Amino acid sequence: MTTFPLLAVLLPFLAAAAGLLLSRWPHGRVSPAWAPGPGHDHDGRGGNDAAGASAPADRRANRRADRLANQRAGWIAVVPTAASAVLAAWVAWGHGFGFLTGTGTPAAVGETYGTIETGGVPISLTLQADALSGLLGVLVTAVALAVQVYSIGYLRDDPRYPSYSAFISLFTAAMLLVVYAGDLLVLYVGWEVMGLCSYLLIGHWWEDRGNSRAAVKAFLVTRLGDVGFLFGIFVLGMGAGSFRIGDVLARVPEMSAATLVTATMLLLAGVAGKSAQVPLHTWLPDAMAGPTPISALIHAATMVAAGIFLVARLFPAFAAARPTLDVLAVLAALGMLGAALAAFAQDDLKRVLAYSTVSQLAYMAGGLAAGSDTAAIFHLITHGAFKALLFLCAGVVIHHVGSNLMTRMGGLRRELPVTFAATTVGFAALMGLPPASGFFSKDALLVTMEGALAGGLADAAALLLYGCALATVAVTGAYATRAWLRTFFGPTRTVALPEPEPGTAHVIDTREAPRTMLVPVVILAVPALLLGFAGGVHLDVPVAATSVALALLGAGVVYAAWRADPVADPARLLGPLRVLCERAFYVDSLYAAIFVRAVVWLSRLVVRTDDTVVDGAVRGSGRSAYGLSGMLKLAQNGNVQLYVSGLLAGVLLIAVGAVVFT
């Protein structure tokens with residue numbers, strides 16, 4: 001059992017290496033026949049007719065090679081991930097799945113695989129398993145497996161699928177390393193590898209400049225938070241005298257308040273970056289440039305879940321630093337309501353879900369600030385199920401329609417009945433409607449935030465947190481209903497096809513997605529609907545009734561507006577605030593004005609200084625040496641008579657000087 005966490009991490013890591021190295025071995029592609037060569041023009045025309053005639057055969061050979069490589073890559077990715085999921089489930093079973101109910105194994109079971117001596121605090125290569133890591137390990141591997149299977153159909157003809165699937169495996173291994181790490185610096189390794197994987201996967205279609213910019217933005221913004229995160233680890237580790245998580249938590253009562261507040265505030269920067277919380281949330285909506293399955297993985301089980309998990313893992317340290325919890329509560333309050341309003345105004349279906357993720361993660365952060373790591377992790381688990389489901393359903397819709405925009409969707413419930421039913425379950429869980437999973441986990445969070453009004457947080461922070469949480473429930477019901485109606489109801493927004501040749505009929509594909517895409521969707525719909533019962537049914541009836549009433553109120557207002565005019569966008573209810581919400585309150589523009597332009601100006605100043613001062617000094621010294629050499633060249637002209645005359649003149653001057661000064 002103690003080696004299972006190591007195996008769970010190693011299997012997807014080895015799958016990533018094998019996928020990158022072996023998917024295209026032996027190499028079956030041939031050089032393109034149209035490439036310029038002997039007897040060919042540069043535009044590929046003319047020259048050898050035999051080479052031109054072989055071009056179709058070469059293209060067919062390349063397609064066969066790509067198809068075989070994709071098949072090998074699919075097996076290499078899916079089988080180890082499935083094995084890792086089994087191991088993670090076994091680890092969780094050994095600890096009783098008990099984090100949510102408080103019945104899990106209280107002590108972590110760990111294994112140390114070596115120690116790195118640093119001359120100060122050593123680094124122990126430790127992996128551990130307890131109820132929390134067991135639960136998160138199941139979430140990570142289950143969603144990763146669903147995404148790998150789904151991607152086989154979604155990227156069936158993509159020639160870069162082998163590298164894509166390998167990076168997903170590496171992403172999975174990195175998140176599992178974060179989950180099972182028993183040392184803060186080991187956790188940091190997985191934390192940073194996830195940042196690299198997000199960059200590679202968001203920029204999968206890097207030919208589009210927008211995609212590559214989104215990948216760079218995600219990388220830079222999360223790295224900005226990780227600077228504070230690393231210093232927070234150093235402060236906490238030096239204060240405890242150890243980087244082992246168990247030792248750090250055991251020594252929290254001995255640490256000074258200043259050390260704890262400093263360390264947790266710095267760690268909070270990394271949490272804000274990874275979990276896309278205010279003020280480092282701006283990268284997540286742009287990350288939708290990547291393939292939709294990657295969005296499901298990032299939003300449901302990896303990357304953004306890491307920040308919430310970290311606070312839960314080190315919760316005793318955060319609980320002992322009350323100022324940090326007050327800051328976290330304020331940031332969560334602003335994030336949950338602001339992101340929900342931004343989601344209500346988006347036309348891109350994936351961006352609606354992206355801002356929804358920011359809002360729901362802020363709910364979890366609010367639960368942590370209010371003092372309940374159990375409620376936050378409960379919602380993290382249910383959110384992982386229904387948000388992965390919603391993104392995969394969105395992928396089916398986009399795959400069918402050919403566009404992310406809801407203005408080009410509508411009336412799809414008849415063409416995509418399975419996807420419609422699964423999406424309905426996902427949106428019900430997102431809104432917190434019974435009996436879907438989100439109803440129970442959101443109720444637990446609201447109960448915790450209501451309890452914070454009586455103490456635990458500063459009065460203003462607690463009131464702001466609870467008020468924004470209730471308002472967000474209503475806005476969530478509104479934007480979820482809007483997306484559901486505009487995607488599956490109303491008039492079908494068909495795109496006119498060009499007139500076919502005489503005797504040829506239009507062909508309209510009204511089928512569901514391939515089975516490899518539908519099976520993960522159907523399977524994920526089950527936990528999205530029923531997972532809420534896993535935590536035990538412990539409802540606060542007044543809070544639950546208020547939550548459902550607010551969600552239905554938001555949904556009802558949107559439905560009434562849509563019913564009055566099914567063609568118009570219900571986002572018009574925002575009135576003059578619509579553009580403000582659509583642009584996410586211009587936070588990106590503000591950052592561009594304050595930080596980006598300043599950095600660009602500074603970088604140009606550095607380039608100019610380097611060119612004129614540093615390089616100028618080098619070039620100036622060269623010009624000076626060249627000028628002096630020119631002066632010396634005048635004396636070295638090859639005239640022997642001039643040399644003898646100069647020699648005699650020198651001897652004469654020396655003689656005169658000797659006579660005069662003697």
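The values are calculated or read from the model by the stated rules, or taken from the named source; none is laboratory data. Quick caveat, the model's predicted, so the values are computed rather than measured. Glycine gets a Cβ as well: all are built from the backbone with ideal geometry, and neighbour counts include every protein chain shown. Protein only, heavy atoms only, side chains kept; ligands, DNA and RNA dropped before computing areas. Shrake-Rupley method; radii C 1.70, N 1.55, O 1.52, S 1.80 Å.
Quick look at the numbers
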quantity: Boolean, VAL599 is among the hydrophobic types (A, V, I, L, M, F, W, C), within 30 Å of GLN346 (Cβ to Cβ) and in contact (Cβ under 8 Å) with a residue 40 or more places away in the chain; calculated: no
quantity: Wholly within the range 389-498, helices (runs of 4 or more DSSP H) carrying at least 2 residues that are within 29 Å of ARG578 (Cβ to Cβ) and open to solvent by 20 Å² or more (accessible area, probe 1.4 Å); calculated: 417-431, 459-488
quantity: Qualifying residue in the range 234-243 (condition: touching a Pro at 6+ places or on another chain (Cβ under 9 Å), crowded, with 24+ Cβ neighbours inside 10 Å and closer than 19 Å to GLU117 by Cα); calculated: yes
quantity: Pick from the range 196-220, criterion touching a residue at least 60 places away in the same chain (Cβ under 8 Å) and of a type in the set (S, T, N, Q), ranking: most open to solvent (accessible area, probe 1.4 Å); calculated: ASN211
quantity: Checking GLU207 against (1) under 24 Å from MET336 (Cβ atoms); (2) assigned to a loop (DSSP other than H, G, I, E, B), the condition it does not meet; calculated: (1)
quantity: Filter result for LEU416 (at pLDDT below 95 and more than 15 Å from PRO527 (Cα to Cα)); calculated: yes
quantity: Complete set of residues in the range 175-189 that are assigned to a helix (DSSP H, G or I) and in contact (Cβ under 8 Å) with a residue 40 or more places away in the chain; calculated: MET175, LEU176, LEU177, VAL178, VAL179, TYR180, LEU184, LEU185, VAL186, LEU187, TYR188
quantity: Exclusive hit being in contact with an Asp or Glu (Cβ under 9 Å, 6 or more places away or on another chain), within 20 Å of TRP484 (Cα to Cα) and in a helix (DSSP H, G or I), set ALA571, ALA549; calculated: ALA571
quantity: Options GLY241, GLY228, GLY195; residue that is under 25 Å from TYR355 (Cα atoms) and either of a type in the set (S, T, N, Q) or more than 13 Å from the chain's Cα centre (by Cα) (or both); calculated: GLY228
quantity: Number of the condition not met by PRO316 [criteria: (1) touching a Pro at 6+ places or on another chain (Cβ under 9 Å); (2) crowded, with 24+ Cβ neighbours inside 10 Å; (3) part of a helix (DSSP H, G or I)]; calculated: (2)
quantity: Residues that are assigned to a loop (DSSP other than H, G, I, E, B) and either of a type in the set (Asp, Glu) or at pLDDT 90 or above (or both), drawn from the range 91-120; calculated: GLU117
quantity: Residue in the range 588-605 that is over 37 Å from the mean Cα position of the chain (by Cα) and not β-branched (Val, Ile, Thr) present; calculated: no
quantity: Residue that is nearest to ALA375 (Cα to Cα) [pool: residues in the range 121-157 that are polar (S, T, N, Q) and assigned to a strand (DSSP E or B)]; calculated: GLN128
quantity: Residue identified as free of Cβ contacts under 8 Å to residues at least 40 places away in the same chain, surrounded by 10 or more Cβ atoms within 10 Å (Cβ to Cβ) and charged (D, E, K, R) among ASP569, ASP588, ASP610; calculated: ASP610
quantity: Among (1) at pLDDT 85 or above; (2) of a type outside the set (Lys, Arg); (3) open to solvent by 20 Å² or more (accessible area, probe 1.4 Å) - the single one ALA88 does not satisfy; calculated: (3)
quantity: Single residue of VAL304, VAL352, VAL358 found to be farther than 27 Å from VAL401 by Cα, surrounded by 24 or more Cβ atoms within 10 Å (Cβ to Cβ) and either in contact (Cβ under 8 Å) with a residue 24 or more places away in the chain or in contact with a Cys (Cβ under 6 Å, 6 or more places away or on another chain) (or both); calculated: VAL304
quantity: In the range 160-174, the residues that are open to solvent by less than 10 Å² (accessible area, probe 1.4 Å) and either among the aromatic types (Phe, Trp, Tyr) or not in a helix (DSSP H, G or I) (or both); calculated: TYR161, TYR164, PHE171
quantity: Flag if VAL596 is of a type in the set (A, V, I, L, M, F, W, C) and within 30 Å of TRP484 (Cβ to Cβ); calculated: no
quantity: Search result, residues across the range 253-271 that are more than 16 Å from TYR188 (Cβ to Cβ) and open to solvent by 10 Å² or more (accessible area, probe 1.4 Å); calculated: PRO253, GLU254, MET255, SER256, ALA257, ALA258, THR259, VAL261, THR262, MET265
quantity: Residue that is most open to solvent (accessible area, probe 1.4 Å), among those in the range 130-159 that are of a type in the set (Ser, Thr, Tyr) and more than 18 Å from the chain's Cα centre (by Cα); calculated: TYR154
quantity: Selection within the range 583-622 - at pLDDT below 90 and among the polar types (S, T, N, Q); calculated: THR609, THR612, SER621
quantity: Evaluation of PHE420 against (1) of a type in the set (A, V, I, L, M, F, W, C); (2) in contact (Cβ under 8 Å) with a residue 60 or more places away in the chain; (3) within 26 Å of ALA272 (Cα to Cα) (one fails), failing number; calculated: (3)
quantity: The range 476-492, subset among the aromatic types (Phe, Trp, Tyr) and closer than 14 Å to ARG408 by Cα, residue nearest to the chain's Cα centre (by Cα); calculated: TRP484
